[in-house]
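Engineer: The structure follows.
The values are calculated or read from the model by the stated rules, or taken from the named source; none is laboratory data. On a predicted model such as this, the values are computed, not experimentally measured, just so you know. When we count neighbours, we look across all protein chains shown, and the Cβ atoms used for this are built from the backbone with ideal geometry, even at glycine. Heavy atoms of the whole protein, side chains included, go into the accessibility calculation; ligands, DNA and RNA do not. Shrake-Rupley method; radii C 1.70, N 1.55, O 1.52, S 1.80 Å.
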Amino acid sequence: MARGRGKGPTPQDRMRRAFARRQRARRWLTWRYVLAAVLLVGAVAFGVYAIYFSSWLRADSVQVVGNAQLSEKQVLATADVPLGGPLATVDLHAIEVRLKSLATVKSVDVSRTWPHDVRIDIVERTPVAVLDRGDRLTNLDATGVAFGHLAKAPDGLPRVKVGPGADGDALAEGAAVVVVLDPAITELVDYVEVRSVDEIDLHLRDGRLVRWGSADQAEDKAAVLLSLLNRKAQVYDVSVPGAPTTS
């Protein structure tokens, strides 16, 4: 007598099993999303704690770069960087504002150097002349900004004196004149007198006077003056370089 064969799974059984597999896959996918969200929240919370509340990323020191005329002590005192707290909460803009109050500072950039440092990059003004106000000496840059205090005038920089009517614009004009002077002329100049934007004179060391006028056409005036100085005269007027005079 032939053996009977067991019946295979019915279509209903196969459908139930397929449905169960899909359900398990959906549940696993849902748990994966939940687990990913939990891990993400945990990572964010840990990052917030590490940056803002832990001692791992605190501000411990300050690096000062680019200072030559200013001492590091002066920079640090003015910057007043709060140390010991989270590096992320240090107000970099406020530090920049405080440092820009120093006339010697032309520009400054303050940044974080992780994990523990605040970096201060300074660009100082470059002196082109010495501003002599009678009772004190200061540096003068190419834009006419006075900065720093000098005990005595350093060698190699011309002096600039201002008259009672000279304002900031006049001082800027005087600085512009100094910048374009030929080195051969600079060596002869005792000081530059600035009375107004249109009245700038060069007083030479031997007592001669150069009427320069304004800073306009400065290069032309410098070239004309070099040729005129060979003439014997007491006053040289190059305020109009196309029609210079001597007397």
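Engineer: Return only the number of the condition from (1) at pLDDT below 95; (2) open to solvent by 50 Å² or more (accessible area, probe 1.4 Å); (3) not polar (S, T, N, Q) that V97 does not satisfy.
Structural biologist: All conditions are met except number (1).
Engineer: Can you tell me how many residues within the stretch 145-173 are closer than 19 Å to S101 by Cβ and touching a strand residue (DSSP E or B) at 6+ places or on another chain (Cβ under 9 Å)?
Structural biologist: 5
Engineer: Okay, moving on. If D201 satisfies all but one of (1) closer than 27 Å to D135 by Cα; (2) under 33 Å from the mean Cα position of the chain (by Cα), what's the number of the condition it fails?
Structural biologist: Result: D201 fails condition (2) only.
Engineer: If you take just the strands (runs of 3 or more DSSP E) that sit entirely in the stretch 186-247, which of them hold at least 1 residues that are open to solvent by 70 Å² or more (accessible area, probe 1.4 Å) and of a type outside the set (D, E)?
Structural biologist: Working: elements: 189-196, 199-204, 209-213, 235-237.
Ranges flagged: 189-196, 209-213.
Engineer: Turning to a different aspect of this structure: Search the stretch 107-140 for residues being in contact with a Ser or Thr (Cβ under 6 Å, 6 or more places away or on another chain) and open to solvent by less than 40 Å² (accessible area, probe 1.4 Å), and hand back the single one that is nearest to A88 (Cα to Cα).
Structural biologist: D117
Engineer: Can you find a residue that is more than 30 Å from L99 (Cα to Cα) and modelled with pLDDT of 75 or more anywhere in the stretch 57-75?
Structural biologist: Among the residues of the stretch 57-75, not one is more than 30 Å from L99 (Cα to Cα) and modelled with pLDDT of 75 or more, which makes the answer no.
Engineer: Within the stretch 167-185, identify whether any single residue is part of a strand (DSSP E or B) and either within 28 Å of H93 (Cβ to Cβ) or open to solvent by less than 30 Å² (accessible area, probe 1.4 Å) (or both), and answer yes or no.
Structural biologist: no
Engineer: Consider L83 carefully, then state whether it is farther than 22 Å from V177 by Cα, touching a helix residue (DSSP H, G or I) at 6+ places or on another chain (Cβ under 9 Å) and either part of a helix (DSSP H, G or I) or outside the structural domain of I200 (by the TED database) (or both).
Structural biologist: Considered against the rule, which asks whether it is farther than 22 Å from V177 by Cα, touching a helix residue (DSSP H, G or I) at 6+ places or on another chain (Cβ under 9 Å) and either part of a helix (DSSP H, G or I) or outside the structural domain of I200 (by the TED database) (or both), L83 comes out as no.
Engineer: Of all the residues that make up the stretch 151-169, how many are of a type in the set (A, V, I, L, M) and either modelled with pLDDT of 90 or more or in contact with a helix residue (DSSP H, G or I) (Cβ under 9 Å, 6 or more places away or on another chain) (or both)?
Structural biologist: Of the residues in the stretch 151-169, 4 are of a type in the set (A, V, I, L, M) and either modelled with pLDDT of 90 or more or in contact with a helix residue (DSSP H, G or I) (Cβ under 9 Å, 6 or more places away or on another chain) (or both).
Engineer: Give the stretch 224-247 a look and list any residue that's of a type outside the set (S, T, Y) and either in contact with an Asp or Glu (Cβ under 7 Å, 6 or more places away or on another chain) or closer than 24 Å to L140 by Cβ (or both), or say none. Give the derivation first.
Structural biologist: Step one: of the stretch 224-247, the residues of a type outside the set (S, T, Y) are 224-226, 228-235, 237-238, 240-244.
Across the stretch 224-247, the qualifying residues are L225, L226, V238, P241, P244.
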